[in-house]
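Asks: Have a look at the structure that comes next, please.
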Amino acid sequence: MHKFKKRFGQNFLQDLSVIDKIVESANIEQGQKVWEIGGGQGVLTQALLKAGAELTVFEIDYDLQEFLQKKFGTQITLVKGDILKQNWREMCPQNLKIVANLPYNITSPFLFKVVENIDAFAQLTVMIQKEVAQRIVAEAGSKKYGRLSLKMQFYFQVQKVLDVNKGAFFPRPNVDSAVIQAVPRQNRPQLEDEKLFFQVIDLAFANRRKMLRVNLKQLLPKEKLEKLDFDLTLRGEKLTEADFVNLTAQIKEVI
């Protein structure tokens, strides 16, 4: 019996109906190049192979590496090690899909790595903590809406596929999960200064309860803020992506 290692965030999905829904929503074609992050006990691996995936499995746990190698042999390409420490630029083929039950503890750095290599990806179908999924898909005006929503939605069209109860896993985690699907956007706004755009977003949510004119003081002095043709009494959570594009363009002119 496998000894579960907490440091690797191991909670293995056991519910086959959930696995079927994940694979179905991934829309895998025969021969599709797919990455699975954390092969675990091979349940999702088996389903992906059955769907026709040309599968690369990343596994950090030495015991599970041996298990997966014995179970699947040459059916998979097994990469032994931490997905976050791999050279993605060398490894990423084009039109790549990722289908995975992500360990909660690597969700944010993993998604940022995907963004850095976004041109290689066709689609992500990943299970993450439900609360994080809610933040990713949140719309302006909601309590969950914030920096993560804007950053993910800038690069991807995102949707929640399904909620997954904690009882679908072993060992049972403390929180529920959700599966999200993310497809790289073809119509991202053309920004003159993308770094400034995300800096403005970060500052706007630095203190959710404060107005823009307070949060943006770190970026512009009061006299320059007053030159902006923008309602600075608003809070960041009320601004859409288009609003932030407009605000950033104005700040760029006076900075």
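Asks: Pairwise over distinct Cα atoms, reciprocal of the mean inverse distance: report the Kirkwood radius of the chain in Å, one decimal place.
Replies: 19.8 Å
Asks: Going by Cα centres, the range 139-161 and the range 11-82 are how many Å apart?
Replies: That distance is 28 Å.
Asks: Follow-up. Would you work out which of S149, L219, N187 lies farthest towards the positive end of the dipole of the range 142-255, given +1 charges on the beta-carbon of Lys and Arg and -1 on that of Asp and Glu, about the Cα centre?
Replies: After comparing all options, I get S149.
Asks: If you don't mind, another one. Can you tally the net charge around G52? Count Lys and Arg as +1, Asp and Glu as -1, for every other residue whose Cβ sits under 12 Å from the Cβ of G52.
Replies: Its environment carries a net charge of +1.
Asks: Would you mind calculating the relative contact order of the chain from Cα pairs under 8 angstrom and at least 6 residues apart, reporting the percent as a whole number?
Replies: Across the chain, relative contact order equals 16 percent.
Asks: Assign unit charges at the C-beta atoms only (+1 for Lys and Arg, -1 for Asp and Glu), then state the dipole size of the chain relative to its Cα centre in Debye, rounded to the nearest 20.
Replies: 860 debye
Asks: What number, rounded to the nearest 500 deg cm²/dmol, is the helix-based mean residue ellipticity at 222 nm of the chain, given -39500 (n - 2.57) per DSSP H run of at least four residues and division by all its residues?
Replies: -10000 deg cm²/dmol
Asks: Let me ask you something else. Are there GluC sites (Glu not before Pro) in the range 154-255 that DSSP puts in a loop and that have at most 11 other Cβ atoms within 10 Å, and which ones?
Replies: Hits after loop and neighbour filter: E192, E226.
Asks: OK, next. Assign one of three labels to the range 112-224, namely rounded, prolate or oblate, based on the Cα gyration tensor with a ≥ b ≥ c the square roots of its eigenvalues; rounded applies when a/c is under 1.5, prolate when it is not and a/b is larger than b/c, and oblate otherwise.
Replies: Oblate.
Asks: Sticking with this one: Take the Cα atoms of the range 1-120, find their three principal axes, and give me the spread along each one in whole Å, biggest first.
Replies: 40, 29, 26
Asks: Under the Karplus relation 6.51 cos²θ - 1.76 cosθ + 1.60, θ = phi - 60°, what is the ordered set of whole-Hz ³J(HN,Hα) values for the range 54-68, x standing for Gly and Pro?
Replies: Ordered by residue, 3J(HN,Hα) equals 8, 9, 10, 10, 9, 9, 8, 7, 4, 4, 6, 4, 5, 4, 5 Hz.
Asks: Right, another one. Given the Cα-Cα distance of K70 and K166 and 0.36 nm per residue of separation, how much length would full extension add, in nm?
Replies: 31.7 nm
Asks: List, in order, the whole-Hz ³J(HN,Hα) value for each residue of the range 94-101 obtained from phi through the Karplus relation with A = 6.51, B = -1.76, C = 1.60 and θ = phi - 60°; use x for Gly and Pro.
Replies: In residue order, the calculated couplings are 7, 6, 7, 10, 10, 10, 7, 9 Hz.
Laboratory data are not the source of any read-out in this text; all were calculated from the coordinates shown. Since the model is a prediction, treat every value here as computed from it, not as a measurement. With ideal geometry, Cβ positions are generated from the backbone for all residues, glycine too; neighbour counts draw on all protein chains shown.
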